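Below is one structure, written out as structure tokens, with a few remarks after it.
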């Protein structure tokens with residue numbers, strides 16, 4: 001994989017990490033203003049900003065932030081492994097990210113949070129573009 005596509009994927013991972021850190025702020029009342037705004041915007045106004053005043057909602061979104069941070073860090077590590085191990089790892093990564101995409105987007109659409117489903121599509125496409133464009137799926141070795 002060229003340095004351009006490799007760096008693209010690293011930026012993708014750091015974007016996931018940043019979003020995870022952002023979501024984790026929901027657990028801290030003094031720092032949750034941005035999360036309140038995103039909840040309202042992504043729900044089309046159906047979720048009131050005071051939803052975070054419920055401890056279980058604050059916990060759930062903060063925990064989602066921690067999980068997203070872990071996912072971003074794991075992806076950084078696995079991307080390095082994929083660069084060494086080759087096409088079969090890249091294919092498995094695509095399956096893993098596709099599972100997230102389908103389930104997260106289905107939940108988003110079922111609950112009326114369509115903007116989240118749209119952002120998922122952008123994130124999934126931004127992940128696939130460098131993998132497909134780089135040719136790593138054709139190379140069995142590296």
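Here are some notes:
- Screening 108, 134 for residues that are free of Cβ contacts under 8 Å to residues at least 24 places away in the same chain, crowded, with 17+ Cβ neighbours inside 10 Å and at negative phi leaves exactly one candidate, 108.
For every residue, the table says whether it meets (1) modelled with pLDDT of 90 or more; (2) within 20 Å of residue 104 (Cβ to Cβ); (3) out of contact with any strand residue (DSSP E or B) (no Cβ under 8 Å at 6 or more places or on another chain).
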| residue | (1), (2), (3) |
| --- | --- |
| 5 | yes, no, yes |
| 9 | yes, yes, yes |
| 48 | no, no, yes |
| 54 | no, no, yes |
| 68 | yes, yes, yes |
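- Yes/no for residue 16 being farther than 22 Å from residue 71 by Cα and either in contact with a helix residue (DSSP H, G or I) (Cβ under 6 Å, 6 or more places away or on another chain) or outside any loop (DSSP other than H, G, I, E, B) (or both): no
- Of all residues in the range 55-70, those that are within 15 Å of the chain's Cα centre (by Cα) and either touching a residue at least 60 places away in the same chain (Cβ under 8 Å) or surrounded by 14 or more Cβ atoms within 10 Å (Cβ to Cβ) (or both) total 8.
- Some residue of the range 71-89 being out of contact with any helix residue (DSSP H, G or I) (no Cβ under 6 Å at 6 or more places or on another chain), within 28 Å of residue 40 (Cα to Cα) and either surrounded by fewer than 14 Cβ atoms within 10 Å (Cβ to Cβ) or without any contact (Cβ under 8 Å) to a residue 24 or more places away in the chain (or both): no
- Take the conditions (1) over 14 Å from the mean Cα position of the chain (by Cα); (2) touching a residue at least 12 places away in the same chain (Cβ under 8 Å); residue 101 misses just one of them, which is (1).
The values are calculated or read from the model by the stated rules, or taken from the named source; none is laboratory data. Keep in mind the model is a prediction, meaning the values are calculated, not measured. In this analysis, Cβ positions are derived from the backbone assuming ideal geometry, glycine residues included, and neighbour counts consider all displayed protein chains.
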